[in-house]
1. Determine which member of the set Glu171, Glu166 is surrounded by fewer than 17 Cβ atoms within 10 Å (Cβ to Cβ) and in the same structural domain as Ala113 (by TED's automatic domain parsing).
2. Going by the conditions given, is Gly453 at positive phi and touching a residue at least 60 places away in the same chain (Cβ under 8 Å)?
3. Restricting attention to the stretch 15-62, report how many residues are outside any loop (DSSP other than H, G, I, E, B) and under 29 Å from Glu131 (Cα atoms).
4. If Glu155 satisfies all but one of (1) surrounded by fewer than 24 Cβ atoms within 10 Å (Cβ to Cβ); (2) assigned to a helix (DSSP H, G or I); (3) in contact with a helix residue (DSSP H, G or I) (Cβ under 9 Å, 6 or more places away or on another chain), what's the number of the condition it fails?
5. With respect to Ile42, determine if the residue is outside the structural domain of Ala279 (by TED's automatic domain parsing) and under 26 Å from Leu244 (Cβ atoms).
6. Which residues, taken from the stretch 107-144, are under 26 Å from Gly483 (Cα atoms) and outside any helix (DSSP H, G or I)?
7. Which ones in the stretch 88-98 are of a type outside the set (Lys, Arg) and more than 18 Å from Gly337 (Cα to Cα)?
8. Take the residues in the stretch 205-231 that are at pLDDT below 85 and over 13 Å from the mean Cα position of the chain (by Cα), then tell me which one is surrounded by the most Cβ atoms within 10 Å (Cβ to Cβ).
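The values are calculated or read from the model by the stated rules, or taken from the named source; none is laboratory data. The structure presented is a predicted model; accordingly, all values stated were derived computationally and were not measured. Positions of Cβ are backbone-derived with ideal geometry, glycine not excepted, and every protein chain shown enters the neighbour counts.
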Amino acid sequence: MIVIGAGHNGLVAAGYLAKAGLRVAVVERSDRVGGASVTDEIAPGFRVSAAAYVSGLFRPQIIQDLELEKYGLRQVAFDPQMFCPFPDRRYLFFWSDVERTCKEIGRFSKKDADAYRRYAAFWDEFYELIEPMMLSPPAPIADLADLMRGPEAEELLRRLLFYSAEELLDEFFESSEVKMALANQAVIGHFAGPAAPCTAFTLSHNLLGSLNGVVGAWGFTIGGMGGIPDALAKSAQARGVEILLNSPVQRILSREGRATGVLLADGRTLEARVVASSADPKRTFLRMMEPDGLPPEFLAGVRRIKMHGAAMKVNCALSALPDWLARPGGPGPQHHGSTYLCPSMEYAEAAFADAKRGIPSRDPWMEVVTQSVLDPSVAPPGKHTLSVYVQYTPYHLSAGNWDDLGESYADRVIETLAEYAPNVPGAIVAREVLTPLDLERRFGLTEAHQSHGEMGPDQSFSFRPVPGWANYRMPVKGLYLCGAGTHPGGGVMGAPGYNAAQVILEDWPSLKA
C-alpha cells in the first residue's frame, strides 16, 4: 500500500499499517521527511522550527505504540505556558499550576482570579469529554449532540458551538488584559478575530495539549519540530516501510472505481491496493485525480472547503535574548514559553479587519518563542533562536504579491516586536521569512492553511473534510484520506493518521480480495 506524504500524519499511518504486518511505501515530494514539521539551519549552529514550532497535541498513545522515544523523540514542556507583556509594562504569566496563575491574575483583578478556577474547571470538563474522541472516527454530529443531555451539558455545547471567544471570556472575566491573554489561543491559525462567532470552538482545539503527562501543556521538541517526523520515520523503517523522497505524485490512479496506485512526476508507476493521502483535500482531489472518477457532489463539497491561510513565519538567529521591557533581563520564565504580543481585543480585531480587505495587518498579532533557552542544542553557546508566528497575513492579497512584500513585511514584524523588546533588531544574526506563498509552495499547504481547512464547528467532526465522507474512506474504493483535513483536524497531533490506519486495517480483508 502507498501513503502519499511523509509529514507526521502520513508517517503515523504508515507506522501502524506496517506494525500490523502490511507492506507500505511512503512517497514524498520533498528531499526530507516532515512536511511542515521540519527543522532548518538558518545560520551555522542555529536551528529553527521552520513552520510548525511547538508540540503538545501529539497523542501520547502514538508515542508509546510506535516506540518513538526509542527512536530519539524528546520533548520538554513549557512552564509558564504563556507570557503576555503589555505596552504599559505590566505582564501576565500563565503557569501549569492553576493557583499560581490565579495569583498572577489577581494583580489585574481579584474577581478574575477566582473566575479562573471556574474557567479551568470548564475546560477540564471539555477535555474529559473530547479527548477519548480524538483517536477514533468522528461521531455524527447528531450523536454528539445526543450525548450532551441535561442543562449543564447543553450549556457546554451551546457555548462551544455558537459563542465567540470574546463572548465566552466575557462570561468569566472582567479584566481586558486577562481576556485578551486567553483569547490568543482562539485565533491561532484561524482566519477570524476573537469576536467572530464560533471562535470559542477554535479556542477549545488549541487547549487539547498533553505533554509528558501534563494535560493542557505545550512545549518544544528537542532539536526542533523535525524531531517528531524523524523519530516516526525511523520507527516506520524499522518495521519495513520504504520512504521514497523527491517523489512527487502526479496522479492517483484508479480503474473501475477502485484505486490502483500512483503515477509519480518522474514517470514511475507504483501499484497498490490501497492509497492513503496525507495531502490536504483540495490538493488530493482537485490536483491529483481526474474529476470524472469522483462524484460531482463530492467534488463540489471539496471546492467549498474554507481554506484561507492567515499566518506567516519569521525565524531568527540571535546574538542575545529578547530583553522584554515588561520583564527585563534573563534568561528567565519570560523566555520559557509562548510570548503573545496582542494588547487587546480591539487590537486583534483591527489586525483581522486589515486581513479581510486583503491587507497584511498593519499592527500584527504575534506569538514568539525562544526555544534555545529550554533546548540549548539549537543554538551556539550564548546565542539564541527566535520563532515569530505572525497574523494576519492573508494568502489572498488585494494588491501586490507575497514574493515582493515578504521581506518588507518581515521588517514591520520586527519593528512591532521591538516595541516590546527594543534590543531584538540589533541582535539578529540571520533570519528566514516564510510568507503564505512560501508555505504553500514549500510544504504543499493549499492557500497556506496549516490545518488543511478552517477548524470551525462547520468543518469539524462528521463535517470534515465534507459531510458524508468523514470516516477516512473516500468515494474511490481503496482510497483514504489521512491528513489534517480529516477528524480531528490540524496541529501536530498524529490522530488523523492513526484513525485512518485503523479504518484501513478494518477494511483490509475486503481490499486484498
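1. Selected residue: Glu171, the only one of Glu171, Glu166 that is surrounded by fewer than 17 Cβ atoms within 10 Å (Cβ to Cβ) and in the same structural domain as Ala113 (by TED's automatic domain parsing).
2. Yes.
3. So the count comes out to 13.
4. (3)
5. In short, no.
6. Hits for the stretch 107-144 are Leu135, Ser136, Pro137, Pro138, Ala139, Pro140.
7. Asp88
8. The extreme case among them is Ser210.
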